[in-house]
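The values are calculated or read from the model by the stated rules, or taken from the named source; none is laboratory data. All values reported here derive from a predicted model rather than from experimental measurement. Heads up, the Cβs are rebuilt from the backbone with ideal geometry, glycines too, and the neighbour counts pull from every protein chain shown.
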Amino acid sequence: MAGLITYSGIATKVKAMERWHLRERQFEEMSSLETVPEAVQYLRRFLPYQKIFEGAEDRELHRGLIEQRLNWSLYQDFAKLYKFANIKQRHFLDLYFMNYEISILKTCLRNVVGRRDQRQDLSLFEDFFKRHSRLDLMALSQSGSMEELIAGLKGSPYYGTLNAMLQKGNITLPACETALDMLYFRAMWRMKDKYLPKKEREILTQCFGARMDMLNLQWLCRAKKYYALPAGEIYACLIPVQLHLTRKEISQMAEAEGLPQLYSLIGQCWYGRLGKLPLDDEPDMDRLTREIVDKVYEMTSRKDPYSIAILNSYLYLKEREIRRIVNTIEKIRYGVGANDERGLKRD
């Protein structure tokens, strides 16, 4: 009853916003279009995307602008929910916001590593970040070097980790992105126990625990398939928190002699035993892990609709929708069919 009273208002708001989520049929319709302007025009049929593409000319519809405006839709949804939330719910949203900061930091890192002459214009998000973040977004987006970018993070939770990597000379883009992801999941794992009641901690444990397990399985497969890394280097890239994977299982997977042995070990773990990972000779681990995490988030929101799960699932699934739209548009741009498995795996 307490949950119903506390969450009835914001649950109603979320359900109203969920009406505009794109369905599978609509993604299929968009995938069948032949040009990027046609895809953007299709998106304009849906209320969340009408305003963000307002005034955009066809010649401006490059990947950066489209992804930027789609992310703006995500931030607008967060702002709407934050404005509607009570103090308790805002505690969770404040924790969740770290995810958006890290996303912007990754954009800035890629910009610096790519040595682009024209810095990415993040002014669209400036007002939003001024309300929710202590980061100087505009200064970071104009950084010309890794040293300048990291110096601009002083006083933030990200400075210590990235500066230590800089001092050691281990400052590659993949290493930075992995370190930021680890920082995020560790922080969420720790802070959920500090700020949230037991029931809501259990919900986030299921969601974030499954995500960490799946990210570790993805990286284990990529490390073996593409990089042939030794076990010691693989351990350094894994998130040191597990939900349904044991340390022993992780060790055995990291030390597996090849992909066949690794896939066999994955099939014997908790997810494999439950039939959640139907492994074949060459499984698409990216797709399988996305499906599992999606189901966990959807399950928690159905099971506890008047709890933090309604906010957690909505924000996660909106991010997934944005990534899938970007992926679909990129397939259209490069003439990759909707069912072609060679498509860009960004969703």
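Values as computed for the structure displayed
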{"quantity": "Helices (runs of 4 or more DSSP H) completely within the stretch 194-269 that count 1 or more residues being more than 21 Å from TYR184 (Cα to Cα) and small (Gly, Ala, Ser)", "calculated": "231-236, 247-254, 259-268"}
{"quantity": "Search result, residues across the stretch 42-53 that are in a helix (DSSP H, G or I) and touching a helix residue (DSSP H, G or I) at 6+ places or on another chain (Cβ under 7 Å)", "calculated": "TYR42, LEU43, PRO48, TYR49"}
{"quantity": "Residue ID - farthest from PRO157 (Cα to Cα), chosen from residues in the stretch 74-114 that are among the hydrophobic types (A, V, I, L, M, F, W, C) and over 20 Å from the mean Cα position of the chain (by Cα)", "calculated": "PHE84"}
{"quantity": "Flag if ARG247 is at negative phi, modelled with pLDDT of 90 or more, surrounded by fewer than 17 Cβ atoms within 10 Å (Cβ to Cβ) and of a type in the set (D, E, K, R)", "calculated": "yes"}
{"quantity": "Cβ-Cβ under 6 Å pairs, at least 6 apart or on other chains, the stretch 260-275 side farther than 15 Å from LYS248 by Cα, far side in a helix (DSSP H, G or I)", "calculated": "GLY272/ILE266"}
{"quantity": "Among (1) within 18 Å of LEU215 (Cβ to Cβ); (2) of a type outside the set (S, T, N, Q); (3) in contact with a Gly (Cβ under 9 Å, 6 or more places away or on another chain), the one test that LEU245 misses", "calculated": "(3)"}
{"quantity": "Those residues of the stretch 148-206 which are over 21 Å from the mean Cα position of the chain (by Cα) and within 30 Å of TYR306 (Cβ to Cβ), in sequence order", "calculated": "ASP193, LYS194, TYR195, LEU196, PRO197, LYS198, LYS199"}
{"quantity": "Filtered residues of the stretch 196-242 (kept if aliphatic (A, V, I, L, M) and surrounded by fewer than 18 Cβ atoms within 10 Å (Cβ to Cβ))", "calculated": "ALA228, LEU229, ALA231, ALA236, VAL241"}
{"quantity": "Selection from the stretch 165-180 of residues that are surrounded by 14 or more Cβ atoms within 10 Å (Cβ to Cβ) and free of Cβ contacts under 8 Å to residues at least 60 places away in the same chain", "calculated": "MET165, LEU166, ILE171, ALA175, THR178, ALA179"}
{"quantity": "Flag if ASN86 is surrounded by fewer than 13 Cβ atoms within 10 Å (Cβ to Cβ) and in contact (Cβ under 8 Å) with a residue 24 or more places away in the chain", "calculated": "yes"}
{"quantity": "Candidates ALA56, ALA39 - the one that is out of contact with any strand residue (DSSP E or B) (no Cβ under 6 Å at 6 or more places or on another chain) and part of a helix (DSSP H, G or I)", "calculated": "ALA39"}
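Per-residue answers, yes or no, for (1) outside any helix (DSSP H, G or I); (2) modelled with pLDDT under 90; (3) surrounded by fewer than 15 Cβ atoms within 10 Å (Cβ to Cβ); (4) not aromatic (Phe, Trp, Tyr):
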| position | (1), (2), (3), (4) |
| --- | --- |
| HIS91 | no, yes, no, yes |
| PHE125 | no, yes, no, no |
| LEU140 | no, yes, no, yes |
| ASN163 | no, no, no, yes |
| MET182 | no, yes, no, yes |
